[in-house]
1. log₁₀ I(q)/I(0) of segment 31-188 at q = 0.09 Å⁻¹, via Debye over equal Cα point scatterers, no solvent, to two decimals?
2. Given q = 0.11, 0.13, 0.24 Å⁻¹, what are the Debye log10 I(q)/I(0) values for segment 229-297, with equal point scatterers placed on the Cα positions and solvent ignored?
3. For E480 and E328 in one chain, what is 0.36 nm times their gap in residues minus the Cα-Cα distance, to one decimal in nm?
4. Give me the one-decimal nm value for the distance between modelled label points at V148 and E248, 7 Å along each residue's Cα-to-Cβ direction.
5. Provide the packing ranking of 466-473, 125-132, i.e. peptides ordered by the mean count of other C-beta atoms within 10 Å per residue, highest first.
6. With θ set to phi - 60° and the Karplus curve 6.51 cos²θ - 1.76 cosθ + 1.60, what are the ³J(HN,Hα) couplings of segment 392-404 in order, to the nearest whole Hz, using x for Gly and Pro?
7. How high is the relative contact order of segment 321-389, in percent, counting Cα pairs under 8 Å that sit 6 or more residues apart?
8. For the chain, with the dipole built from +1 on Lys and Arg beta-carbon atoms and -1 on Asp and Glu ones, taken about the Cα centre, which of N81, V243, P390 lies farthest toward the positive end?
Amino acid sequence: MLEVLDAGALRRWCRAGLEGLAAAQQEIDDLNVYPVPDGDTGTNLRLTMAATVEAVEAAASGLAPTVTAMVLGSLMGARGNSGVILSQLLRGLGEVIGPLEAVGPVDLVEALRRSAASAYSAVDDPVEGTVLTVAREAAAASRGTTLVDVVRSARLAAAQSLARTPELLPALKAAGVVDAGGRGWCVLLEALELVVTGAPVVAPPAMLVPRDRSGLAYAREAGSDAFAYEVQFLLRDAPDDRVVLLKEQLRGLGDSLVVVGGEGLYNVHVHVNDVGAALEVGIEAGRPFRIAVTRFADQVPVQAAKRPEGRAVVAVAPGEGLAALFRETGAQVVDGGPSANPSTAELLAAIRASGAGEVVLLPNDGNVRAVAAAAAEQARGEGLAVAVIPTRSVVQGLSAASVSDMRRAFDDEVAAMSAAAGATRFAEVTTAARDALTTVGPCAKGDVLGLLDGDVAVIGSDVEQVGRDLLHRMLDGGGELATVVVGAQADPDAGQRLSDYLAKNHPVVEVLVLHGGQPHYPLLLGVE
């Protein structure tokens, strides 16, 4: 039983929340009445939380950096109306807990209340019987002298509020369902209780879903059927006064308006008929990017006959040793990595050569992700379904590939692999190629560098000592499995010695030693 929430607990909550939303995705999608899977509430909540987890896992240690990453990750990754509202709920939590060293019961009550109020303020036309109601009533009922009391009271009140949503929203009552977004918030509170108590919550099914969804009228997650397009974008460099004007102008163009964010960065969601006018408003306010436009009438599932059958995983890996490890998982491999990034054409050729209609792409390096996204976009234009898991290290890629299951639906496969990658912290040991100034001080050519989540964290002279230091730092945040990938420039016995070190200093951690033979990086490390 936790007495307070710290950075480690917050990260575990984000991961558990993602796992819970992934497990409940179909249930939540079926509660929603918008008949296109890519636009459904469960899918959008899961994708938003996946982006949140990715940001949190990459954050520096400490509660404040973790909260900042949670808020920014959810804002940048928010998908759809429900995802944007979720990002604002998390933002409200962050406003209270961010400045603290640890979160006690009184703090959590205040955070939940701020969270609900923040979400209400972000929605242009708040509707009762939605996630807003569930969050508000859960927060109002939260109380107790211990963290367990507060979390449990909030979770129980959320479930009761969810059950009442059909009485508040006639469309839900007519459909025989509860609110989909509200169910998502219940899942996240269940995940929080799991983290605090260590015991999973056995929650009853939200409500039976209708057998025929074609007659349901409460569409597009929110808003009326008067508007044909969903427009969403991130907005940078927008002064507060311009955001106020943006809201007024978008309010006159459509409905389902939600604008969240602050300090010059916002996520904007609206339903309109005039897409150009909506984007012009955004341009006048700041710099829109990641623009997504959906025409509701076009959202018809692609017929399976229009694309090849089968599924493949394509992974980028440097060296034959790592390539062999990925092939053991069933993946097809493109040679590349640090100092030898593959091109868009090479990745596109690998996607085509797989002969599969559904392809999961693992870039496994931060510098390859943009190229992978470009190749995927091109392949989608050819009728293929391609998803890029944003892996920044081969250890994240190996974690994702290890959970691949071709029997799953493609969206579920992407969710599971994303969750596995996001749950893997990574570190690398390399040698400085030149004198430089790093975030932890100056280094000289030939120094051994320890990179944690891509940033220099340790400067030393011994590969194994730097590896031990990195593993110790990563395991301070918790972990059950440590992976050590030994490179071409390391002593072949280095992996075993690191395994012995962990057995002595972290005896409950399982250790997996692999011989990747990768160049430039004597050690690649991962912790799950």
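What follows draws every value from the coordinates through simple rules; no lab data is involved. Note that the structure is predicted; figures quoted are calculated from it, not measured. Please note: Cβ atoms are built from the backbone with ideal geometry, for glycine as well, and neighbour counts cover all protein chains shown.
1. Calculated log10 I(q)/I(0) at the listed q: -0.28.
2. -0.20, -0.28, -1.00
3. Details: separation 152, 0.36 × 152 = 54.72 nm, distance 2.27 nm.
Extra length from E480 to E328 when fully extended: 52.5 nm.
4. 5.3
5. 466-473, 125-132
6. 9, 8, 5, 5, 5, x, 5, 4, 5, 5, 5, 9, 4
7. Computed over segment 321-389, the figure is 31 percent.
8. Among N81, V243, P390, the one farthest towards the positive end of the dipole of the chain is N81.
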